[in-house]
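This report concerns only the one structure given below.
Read-outs: derived from the displayed coordinates by stated rules, not from any lab. Just so we're clear, the structure is a prediction, and the values are computed from it rather than from any experiment. In this analysis, Cβ positions are derived from the backbone assuming ideal geometry, glycine residues included, and neighbour counts consider all displayed protein chains.
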Amino acid sequence: MRRRLIATVLLAASCVLALAVPATAGTKVTTGYRFYVSGSTTDVTTTPTGGVLLAGGGTDSDAGMAWLLARGGSRSAAKYGDVVVLRTSGTSGYNSYLVGLGANSVTSIVISSVAGANNPAVAAAIAKAEVIFIAGGDQATYVNLWTGTALQTAVNQRVAAGYPIGGTSAGLAVLGNYVFAALNGTAYSSTVQANPYNSTVTLRGSLFTVPVMANVITDSHFAIRDRMGRLVTFLARLQQDGTAVAPRGIGVDEASAVGVTAGGSATVFGAGKGAYLLTVTSGVSRTCVSGVPLSYAPVTAQRVPVGKTFSVSTWSSADGGAPYTLTVTAGALTSSSSSVY
């Protein structure tokens, strides 16, 4: 993601326009949105196969992003449809990159207000997209600005129609059935293990309805930022609060990405440590109360390295690492393996 921002600084001046939006839209701050368009001005249609790309942040996986484009349907070899990138900060950082991977066009829409998310031009652009991608940034702004808006409705309608969606970092956070909204800032494993009701644990229901992500909460930058403890804590909170009976978690490491087909077959792309699958039963033992260190066990974990696969239906991998057990005792996280990762 960082390299996209650096490589495309000059695009903002030349690419601020919209296919169905006044050319001045990119300069109207008061409208609550900006459009940045690259690629062809001729709309195309394709036959999508659906799916979701779960990217862990950092450097994007070319293979993972190409997979996402292909799930939107192709016109010929490596020639894909139109992409809409949704964000609340930044500009056109993904445009030239995705056009280079074969997208017909890329429209980056920067939303700065609820009014912007409700603008008909935004919904109209989403309704023509073969692929939708949520950039990184601050998921709290996604939750605050997009919930209950025309943008949210348009995305959900497109996904329901079989078009793929993806997201990286904060964009990944809002693709699960349950969302860590970060409304009070980020949450750190050591902090939330010591108090699972710390104010930074702000969990919400889904922002977007992605069928294969039912009962799942996601996390990004996973191993590199030591987020195993906080994802385990999120599972405990979902159960303790009565939000979920036996929720599942997936942590995707930085530079890794997981492509999940509409049928639930998943492949891990990129670099980094891949993905981590967490499962708990409805009868898991827990002490999860405000102001008291968390105790929670057993949690079954499995690492799925880059290049390996797993099944959403079983939430397990036949060619990944061996499953192991995580235990939280009085706020301390331990593993039956040599490491929690």
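With a point put 7 Å past each Cα toward its Cβ, work out how far A322 is from A271 in nm, to one decimal.
Roughly 3.0 nm, to one decimal.
Return I250, I224 ranked ascending by Cβ neighbour count within 10 Å, so the fewest neighbours appear first.
Details: I250 28, I224 17.
Fewest to most other Cβ atoms nearby, the residues stand as I224, I250.
Once you have a ≥ b ≥ c as the square roots of the Cα gyration tensor eigenvalues for the stretch 176-341, tell me rounded if a/c is under 1.5, and otherwise prolate or oblate according to whether a/b is larger than b/c. Please list the in-between numbers first.
Working: a/c = 1.57, a/b = 1.36, b/c = 1.15.
It is prolate, given that a/c is not under 1.5 and a/b is the larger ratio.
If each of S199 and T42 carries a label point 7 Å out from its Cα toward its Cβ, how far apart are those two points in nm?
So the two model labels end up 5.7 nm from each other.
Just from its helices, what would the mean residue ellipticity at 222 nm be for the chain, if runs of 4 or more DSSP H residues each count -39500 (n - 2.57) and the sum is divided by every residue, rounded to the nearest 500 deg cm²/dmol? Don't skip to the end; give the middle numbers.
Values: 11 runs with 81 residues, N = 341.
Taking each H run of at least 4 residues, the total per residue is -6000 deg cm²/dmol.
Please give the peptides 178-184, 80-86, 290-296 ranked by average Cβ packing (other Cβ atoms within 10 Å per residue), highest first, as a rough proxy for protection.
On the way: 178-184: 20.3, 80-86: 26.1, 290-296: 16.9.
In decreasing order of mean packing, 178-184, 80-86, 290-296 become 80-86, 178-184, 290-296.
May I ask for the distance between the Cα centers of the stretch 64-116 and the stretch 173-241, given as a whole number of Å?
Rounded to whole Å, the Cα centres lie 27 Å apart.
Indicate, rounded to the nearest 5 percent, the antiparallel portion of the DSSP beta bridges found entirely in the stretch 176-341. List each step's numbers first, then the result.
Numbers: 33 of 39 bridges.
So the antiparallel bridges in the stretch 176-341 amount to around 85 percent.
What's the FRET efficiency of A115 with T209 using the Cβ-Cβ distance as r and R₀ = 30 Å, to the nearest 0.05? List each step's numbers first, then the result.
On the way: r = 23 Å, r/R0 = 0.78.
FRET efficiency, A115 to T209: 0.80.
Positive end of the dipole of the chain, charges at C-beta (+1 Lys, Arg; -1 Asp, Glu), about the Cα centre: which of I134, L172, A255 has its Cα farthest in that direction?
So the residue we want is I134.
Which angle from 0 to 90°, rounded to the nearest 10, does the C-alpha axis of helix 228-240 make with the longest principal axis of the chain?
80
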